[in-house]
Amino acid sequence: QVQLVQSGGGLVQAGDSLRLSCAASGRGFSWYAVGWFRQTPEKEREFVAAIDWSSGVTYYEDSMDDRTTVSRNNANNTAYLQMKRLKPEDTAVYYCASDIHISRDPSQYGYWGQGSQVTVSS
């Protein structure tokens, strides 16, 4: 069983940077992958980035890979999503998720954080 608790998010200005955190706990977590997704009322949940915890291999959504960095800290079992040059269209609820294998598909993740609202004003 894996538990994910998110922090970060909030209201920022266009062009600002923001870091979201996802603290994980549970047996065997060090072998899991963490994905980041976002969702708005108008769109289905979409992939942002992911990291394989043990290898550090990362995936990024193509349109965001120059503005986004995903990382993890083994010491405190926390994954991070760093976003820069934020745009109003980045406004969404951001979720972290975890499961055994790294994937861009949200349906492949069985454990989810509670979500963090990110609002980017113009």
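Just checking, which of Asp99, Asp90, Asp105 is under 15 Å from the mean Cα position of the chain (by Cα), closer than 15 Å to Phe47 by Cβ and loosely packed, with under 13 Cβ neighbours inside 10 Å? Exactly one residue qualifies, and that residue is Asp105. Any chance the range 2-14 includes a residue that's in contact with a Phe, Trp or Tyr (Cβ under 8 Å, 6 or more places away or on another chain) and β-branched (Val, Ile, Thr)? The answer is yes; a qualifying residue exists. Out of Ser30, Ser54, Ser63, Ser25, one residue alone is of a type in the set (Ser, Thr, Tyr) and part of a strand (DSSP E or B). It is Ser25. Taking every residue in the range 95-122 that is within 18 Å of Gln82 (Cβ to Cβ) and pairing it with any residue that is open to solvent by 80 Å² or more (accessible area, probe 1.4 Å), at least 6 positions away or on another chain, the pairs with Cβ-Cβ distances below 7 Å are Gly113/Val5; Thr119/Leu11; Val120/Lys87.
If you take the residues in the range 56-70 that are touching a strand residue (DSSP E or B) at 6+ places or on another chain (Cβ under 9 Å) and under 20 Å from Gln108 (Cα atoms), which one is surrounded by the most Cβ atoms within 10 Å (Cβ to Cβ)? Filtering the range 56-70 for residues that are touching a strand residue (DSSP E or B) at 6+ places or on another chain (Cβ under 9 Å) and under 20 Å from Gln108 (Cα atoms), the one surrounded by the most Cβ atoms within 10 Å (Cβ to Cβ) comes out as Val70.
Report whether or not Ser103 is closer than 25 Å to Ser25 by Cα and part of a loop (DSSP other than H, G, I, E, B). Write out each step before concluding.
On the way: closer than 25 Å to Ser25 by Cα: yes; part of a loop (DSSP other than H, G, I, E, B): yes.
So Ser103 fits the description; yes.
Considered as a group, the residues in the range 87-100 that are in contact with a Gly (Cβ under 9 Å, 6 or more places away or on another chain) and assigned to a strand (DSSP E or B) include one that is modelled with the lowest pLDDT, and that residue is Asp99.
Counting the residues of the range 71-86 that are at pLDDT 95 or above, open to solvent by 40 Å² or more (accessible area, probe 1.4 Å) and assigned to a loop (DSSP other than H, G, I, E, B) gives 2. Name the single residue, out of those in the range 1-24 being over 15 Å from the mean Cα position of the chain (by Cα) and within 24 Å of Asp52 (Cα to Cα), that is least open to solvent (accessible area, probe 1.4 Å). Result: Val2.
Contact map, the range 53-66: residues that are in contact (Cβ under 8 Å) with a residue 12 or more places away in the chain paired with residues that are charged (D, E, K, R) and outside any loop (DSSP other than H, G, I, E, B), Cβ distance under 7 Å, separation 6+ or inter-chain. Pairs shown: Trp53/Arg72.
The values are calculated or read from the model by the stated rules, or taken from the named source; none is laboratory data. Worth saying up front: this structure is predicted, and the values here are computed from it rather than measured. Cβ sites come from the backbone with ideal geometry, for glycine too, and all protein chains shown count toward neighbours. These accessible areas exclude ligands, DNA and RNA; they are computed on the full protein's heavy atoms, side chains included. Shrake-Rupley method; radii C 1.70, N 1.55, O 1.52, S 1.80 Å.
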